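Asker: Before anything else, here's the structure in question.
We did not get these values from a lab; they are worked out from the coordinates using the rules stated. Worth saying up front: this structure is predicted, and the values here are computed from it rather than measured. Here Cβ is always computed from backbone atoms with ideal geometry, including for glycine, and neighbour counts include all displayed protein chains.
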């Protein structure tokens, strides 16, 4: 039996855990606190569900399991959809384990019909309203970064006009975020495999847009999975766009699973990030190549393996 679950069951049997979530969280936190089993060079951030077979469905227990295994951050794309009570519980667990909150998705993404690139007022105002809502969420969970995906291209409009419309909208959003020291990170997505007809696809394109917006609240989310498919050349593109990159995500290709399951040399990528002094978060936006506890352990082992470079 997993030692964490044994301790938790022992406490339950002894009547230690009370019926309130606050008491449960406090006891769970004290039971699960231990020296991490890995001392990573970078701030890797799992997401909820990645270790559920070991930790169970409760988000606080999952955070405790992550901390126990050396992970120092969490990301949760669906944070905005969680109740305020759950958001508060998550924030408390992260603080207890000295972990950072990574990205959550800031707005409704237009996968099919174009929105932010059209210049139309209705989608722009909807987006800006959602950014204002995301400020409240970020403050509640102590987040700094939120993901923004511009959405679909407008095939009836020249790309230059689309780019200008998007930049204008992002400038307005940045003005909302700047007073709160919050950062929207633009994520280029591959349109060859997972997300056809997306406007933002390349690192250089995101770099150009961020330079035009010219705000500390508008930066790049560099996802190695998407960029391996779209353009490859990962390390040179990281270097070229470095001044505008605020957040990194990973997933191996093909498969979008843990490092070592595909073609990307993550040991070299992570070593390069470390040598450049990257102190931000590396979001583990991928699945596991195998099911169950063995699959979850394989994810942990993969990160131990690719993080084993000389500092």
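Asker: Can you give the % of DSSP beta bridges in region 37-306 that are antiparallel, to the nearest 5?
Answerer: So the antiparallel bridges in region 37-306 amount to around 5 percent.
Asker: Under a plain spin-label model, where a point goes 7 Å from the Cα along Cα-to-Cβ, how far apart in nm are residue 304 and residue 178?
Answerer: About 4.7 nm, to one decimal.
Asker: A follow-up question, please. Debye calculation, C-alpha points only, no solvent: report log10 I(q)/I(0) for region 208-311 at q = 0.17 Å⁻¹, in the same order as the q values.
Answerer: -0.79
Asker: Here's another thing I want to ask about it. If Rh is defined by the Kirkwood formula over all Cα pairs and Rg also comes from Cα, what ratio Rg/Rh do you get for region 55-144?
Answerer: 1.08
Asker: Where does each of 66, 99 land when they are ranked from fewest to most other beta-carbon atoms within 10 angstrom? Numbers along the way, then the final one.
Answerer: Working: 66 28, 99 20.
Placing the least packed residue first, the sequence is 99, 66.
Asker: Just the Cα atoms of the chain: what Rg and Dmax do they give in Å?
Answerer: Computed over the Cα atoms of the chain, radius of gyration and Dmax are 20.0, 68 Å.
Asker: From the Cα gyration tensor of region 152-271, with a ≥ b ≥ c the square roots of its eigenvalues, which class applies: rounded if a/c is under 1.5, or else prolate if a/b is larger than b/c, or else oblate?
Answerer: Oblate, because a/c is 1.5 or more while a/b does not exceed b/c.
Asker: Using only helices, what value at 222 nm comes out for the chain when you add -39,500 (n - 2.57) per DSSP H run of length 4 or more and divide by the total residues, to the nearest 500 deg cm²/dmol?
Answerer: -14000 deg cm²/dmol
Asker: Here's another thing I want to ask about it. If a/c stays under 1.5 just call it rounded; otherwise compare a/b with b/c (prolate if a/b is bigger, oblate if not). Do that for region 67-110, with a ≥ b ≥ c from the square roots of the Cα gyration tensor eigenvalues.
Answerer: In terms of gyration-tensor shape, oblate.
Asker: Right, next: Once you have the Kirkwood Rh of region 183-233 from its Cα pairs, apply Stokes-Einstein at 10 °C and 1.306 mPa s and quote D in µm²/s.
Answerer: 143
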